[in-house]
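Please treat every number below as a calculation from the coordinates, not as lab data. Here the structure is a predicted model, which is why all the values come from computation and not from measurement. Quick reminder, even Gly has a Cβ in these numbers, built from the backbone with ideal geometry, and neighbours come from all protein chains shown.
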Amino acid sequence: MKDRPVLHLNVMVPPPRPGTTGVFPAWRQMVGDLEAVGTTALVVNDPGPHPLTADGATAVVADSTTLVASVARVTRRIGLVTSGSARYGQPFNMAREIAGLDHLTGGRTGWHVMPLGNALQDAEFGLDPATPTDARLRRAGEFVDVALGLWDGWAPGAQVPDRASGSWVDTARIHALRHVGEFYLVDGPLDTPRSPQGRPLLFSSPSDRDEEIAFAAGVADVVMPWTASPQDALRTAEALHERAAGAGRPSGSVVVAPVAMTGPHHQAAAQLGRPAGSSWTADRPADLVAQVLDLAATGSVGGITLAGLLGPELLAFVAETARLLET
């Protein structure tokens, strides 16, 4: 019997909502439980600052970076992926923040790149809400390129603490970036040492729009596409690999782990920024695992990303899915 491939089992959740006591202890417990049942990576899907609605429904207890940092020391193996906009803010700050998280987690941090934003967020940051998608993606691509360049500015071995001289770096191994682009001017170098991964993994969760697929295929290490069904997931995965090859990326450099919604679908979809009823949904772990194994057999899909609201129901679904994938 042919051995099963090792598949990624990611979990995507929105940040917890405020209004209940003990949010952080409960959050830490649930993430620890996800690690214990075999989750590959936890992706905190946080689109970033946005206007507060009158009913407070858009409020979150903390941003994704704070949430990831809060579980860094109570986990050991699970990947911890924070969301970060590649439209709002500055790439220097983002590169510094992600590098710091990678140090804090011992090399387990990923960056879920959010490239587009929306008109409401544009108003918060003084950007033109009429900016077309292609310009948004060009800006995001440059943002990512700058962050990668800043991380690469610290070569391996740049940290050489010398108590006698009081120096802790080899400046010959630290290089300025001097980036001059369409949207950003960044000198560098980063003032944060090279992190354990050097380049933390980049995640992307595109829709089925061709321009978003092309962006993800060009920058991400792990792509979690939103699709309507397993059949759509396969078509999208094949398109991603074709686009990645066209961008000159080596074969196997992109892992595709499509998103499947589970639990209270409508509530989860709203908090994850997806229209209700538009995504692949999974109601039984056994059915999902059969579908994922069929997709993996094609060689185009390397895992699955379960999306929902973090709680006992999602945990039980993930635990059973992990068990069946290992059976």
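In whole percents, the pair-distance distribution calculated for the stretch 225-268 from its alpha-carbon pairs, binned every 10 Å from zero, is 27, 41, 22, 9, 0. Considering the stretch 121-243 at the alpha-carbon level, its Rg and Dmax are found to be 18.9, 63 Å. Each of S205, S167, S85 has some number of other Cβ atoms within 10 Å of its Cβ, and from fewest to most they run S167, S85, S205. What number, in percent, do you get for the relative contact order of the chain if the mean sequence gap of Cα pairs under 8 Å and at least 6 apart is divided by its residue count? Once normalised by length, the contact order is 18 percent. How much of the pair distance distribution for the stretch 59-190 lies past 17 Å, counting alpha-carbon pairs only, in percent? Roughly 66 percent, once rounded to a whole number. To the nearest ten degrees, helix 133-152 and the longest principal axis of the Cα atoms of the chain are 60 degrees apart.
Its residue count N fixes a reference of 2.2 N^0.38 Å for the stretch 172-223, and the Cα radius of gyration divided by that reference is 1.51. Packing, as the average of other Cβ atoms within 10 Å across residues, places the peptides 35-41, 77-83, 157-163, 206-212 in the order 77-83, 35-41, 206-212, 157-163, highest first.
Computed about its Cα centre, the charge dipole of the chain is approximately 700 debye, with only Lys, Arg, Asp and Glu carrying charge at their Cβ. Simple point charges give the picture: +1 on the Cβ of Lys and Arg, -1 on the Cβ of Asp and Glu, and for the stretch 63-178 a dipole about the Cα centre of about 420 debye. Counting Lys and Arg as +1 and Asp and Glu as -1 over every other residue whose Cβ lies under 12 Å from the Cβ of V37, the net charge comes to -2. Between the stretch 263-327 and the stretch 163-224, the C-alpha centres lie 30 angstrom from each other. Local charge for T65 was computed over the other residues whose Cβ lies under 10 Å away, with Lys and Arg +1 and Asp and Glu -1, and equals -3.
Eigen-decomposition of the gyration tensor built on the alpha-carbon atoms of the chain gives equivalent ellipsoid semi-axes of 31, 23, 22 angstrom, largest listed first.
For the chain, with the dipole built from +1 on Lys and Arg beta-carbon atoms and -1 on Asp and Glu ones, taken about the Cα centre, which of G106, L80, W226 lies farthest toward the positive end? Working it through, the farthest residue towards the positive pole turns out to be G106.
In plain terms, the bigger the Kirkwood radius, the slower the diffusion; for the stretch 264-327, with that radius from Cα pairs, at 4 °C and 1.567 mPa s, Stokes-Einstein puts D at 102 µm²/s. Among A286, W154, G188, which residue has its Cα positioned farthest towards the positive end of the charge dipole of the chain, with +1 placed on the Cβ of Lys and Arg, -1 on the Cβ of Asp and Glu, and the dipole taken about the Cα centre? Sorting the options by dipole projection puts first W154.
Taking chymotrypsin sites (Phe, Trp or Tyr not before Pro) across the stretch 80-125, none is in a DSSP loop with at most 16 further Cβ atoms lying within 10 angstrom of its Cβ. Using alpha carbons only, how many degrees (0 to 90, rounded to 10) separate the axis of helix 23-37 from the longest principal axis of the chain? For helix 23-37, the angle is close to 70 degrees. Largest GNM mean-square fluctuation across H241, H112, H175, computed for the chain with C-alpha springs under 10 Å, falls on H175. Relative to the longest principal axis of the Cα atoms of the chain, the long axis of helix 312-326 makes an angle of roughly 90 degrees.
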